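The values are calculated or read from the model by the stated rules, or taken from the named source; none is laboratory data. Remember, it's a predicted structure, so these values are computed and weren't measured experimentally. When we count neighbours, we look across all protein chains shown, and the Cβ atoms used for this are built from the backbone with ideal geometry, even at glycine.
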Amino acid sequence: MFALAIWDDKRRHLLLARDRLGKKPLFYYSTPKLFAFASEAKALFRIPEIVPQVDTEGFPAFFLYGYVPTPGTLYRGIRKLSPGHLLQVDSDGEVRTEEYWELPVRSNSESSRPSAAEACARVRELVTAAVRRRLVADVPLGAFLSGGIDSSIVVGVMSQLMHERVRTFSIGFAVDRRFDETSYARLASKRFGTLHTEFIVEPSSVDLVERLVWHHDGPFADSSAIPTYLLSRLAREHVTVALSGDGGDELFAGYLRFYATLLSEGLPAWMRHAAHKLFSSLPEWGHNRNPFFRLKKFAGSASLPFIERFSRWIAVFYEDLPRLLPGCQENGRAPAPIALLEPCLQRSEGVSPLTRLLYLNLKTYLLDDLLVKMDRCSMAHALEVRSPFLDRDLMEYVFTLPDPMKLRWGQTKVMLRKAFADLVPQEILRRGKMGFGVPLRAWFTTELRDYIRDMLLAPDARLRGYLDRGYVRQLCEDHISGRADHSHRLWTLLTFEVWLRQLPRLKTLPEAGDVLFPSESVTMR
């Protein structure tokens, strides 16, 4: 993982490069008279000529996906260098970009497919090698342990390769145990004999939102940044490097939305349209992990074209995006940001629908959500996080495996489960994906109810200049009353409001050593 710059003084030539997947950030600003780059967007505002201005053209994409797809940002004139790319600036000011790596995405013939036994052995070999490479360190090293399959495999392999006990860290929630995986983390810890530490997050931890927006260089829709930030901070008290299970879902089709999209693809068009008509008229009810909630979301997407179906499944706002952003409506549906996926779609033509989804997910959600969250939250505490599942050799091999080795009859990560069946406890292998979620629904209807109202509905709320205030009020009231679970949308709006309030401060960054935010309290067990 890297973002680097090399200046050739003799040739007056600048070379920038970003790692293959985009684990590390690299922002730049380019005009005929000025070229500037930095690892944080806000660092560029130290330059007098660069003023922090909102780029409203990125709003539809942000409120659709929860992030602005690379290379875009929400700052006018500031771009992100795409992963796997070089950027060169010549002495005459000419700027050129060049791709140096791309994930090989191709269809496999039956004759080229490995047997299940061969694939199983190779996956285990590559995962083990990936973990071994990431154990090279001259500082204390540990691992994040969620209790899911991916992190349990990483910790299990670490315990076989290391001469000392592995230090592991996990996090849970006191308010809603549906979001708490600590019991499974303890089970894995006991199996592998780790030195295990747990942390419990209380609703007061959402006070971190200003700090998180600052480190993220803008608003973001992924509320799991809260536990990621706290876990990184508290793990840093014990270790300097931590391994994580990030990437396992992206490689081995671990998300429910992959199965849901493919399942709907196999239904007759009339059935998909009937399901959409039936469920779209029903009110939203229950929390976002409720089976009815997921069924409504599945049925509501069923009548859409393949990629739009997948986009709606993961969207923050979709049909109601024109209500939130007046004037952005396009044919009564989601606006132009769908077109931002077109390069990924063109590159993945001719492969299976699942491979296409995996590739698209890797180039969007992994790049602009998961990797951003992990990098900002960990580096805020000078903690280096390494991800064995995002190893180049492993990724290039797994993407050549046939679909049934990843997803079959609703079972995810088929080959990964088989490859490590003797290592990981069966209780963990058999469980479904829980996800690193946050009980925002409960928080926003109890302890943080007034906080949400004060931030989003205040007469001086900055978002009133961009969003429909009536619709924002409706979302708040529907959620607080229990008529619907809008926690994901409200979190997105909250980080957007905080970012707008921080914008004027970006030209006057604090000097090193200044206290930017007061320290927050965290309940620890």
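For the structure I just gave you, tell me whether ALA461 is modelled with pLDDT of 95 or more, surrounded by 12 or more Cβ atoms within 10 Å (Cβ to Cβ) and among the small types (Gly, Ala, Ser).
Judged against the criteria, ALA461 is a match.
Test of understanding: among LEU64, LEU26, LEU21, LEU4, which residue is surrounded by 13 or more Cβ atoms within 10 Å (Cβ to Cβ), in contact with a Leu (Cβ under 8 Å, 6 or more places away or on another chain) and farther than 23 Å from PHE496 by Cα?
From the options LEU64, LEU26, LEU21, LEU4, the qualifying one is LEU21.
In segment 457-505, which residues are touching a helix residue (DSSP H, G or I) at 6+ places or on another chain (Cβ under 7 Å), assigned to a helix (DSSP H, G or I) and charged (D, E, K, R)?
ARG462, ARG489, GLU497, ARG501
Does LEU360 satisfy the criteria of being touching a residue at least 24 places away in the same chain (Cβ under 8 Å) and closer than 23 Å to LEU345 by Cα?
yes
Of all residues in segment 468-498, which are modelled with pLDDT under 95, more than 13 Å from VAL316 (Cα to Cα) and in contact with an Asp or Glu (Cβ under 7 Å, 6 or more places away or on another chain)?
Selection gives HIS479, ALA484.
Specify the residue that is modelled with the highest pLDDT; the eligible residues are those in segment 392-430 that are among the hydrophobic types (A, V, I, L, M, F, W, C) and exposed (fewer than 14 other Cβ atoms within 10 Å of the Cβ).
ALA421
Condition first: under 30 Å from ALA339 (Cα atoms) and more than 25 Å from the chain's Cα centre (by Cα). Can you find one or more residues in segment 155-167 that meet it?
Restricting attention to segment 155-167, the residues satisfying the condition of being under 30 Å from ALA339 (Cα atoms) are none.
Looking for residues that are under 30 Å from ALA339 (Cα atoms) and more than 25 Å from the chain's Cα centre (by Cα), one finds none in segment 155-167, hence no.
Give me a count of the residues in segment 225-239 that are surrounded by fewer than 21 Cβ atoms within 10 Å (Cβ to Cβ) and not hydrophobic (A, V, I, L, M, F, W, C). Even if it seems obvious, please write down each step before you answer.
Step one: filter segment 225-239 for residues surrounded by fewer than 21 Cβ atoms within 10 Å (Cβ to Cβ), giving 233-234, 236-239.
Checking which are not hydrophobic (A, V, I, L, M, F, W, C) leaves us with 233, 236-238.
Within segment 225-239, residues that are surrounded by fewer than 21 Cβ atoms within 10 Å (Cβ to Cβ) and not hydrophobic (A, V, I, L, M, F, W, C) number 4.
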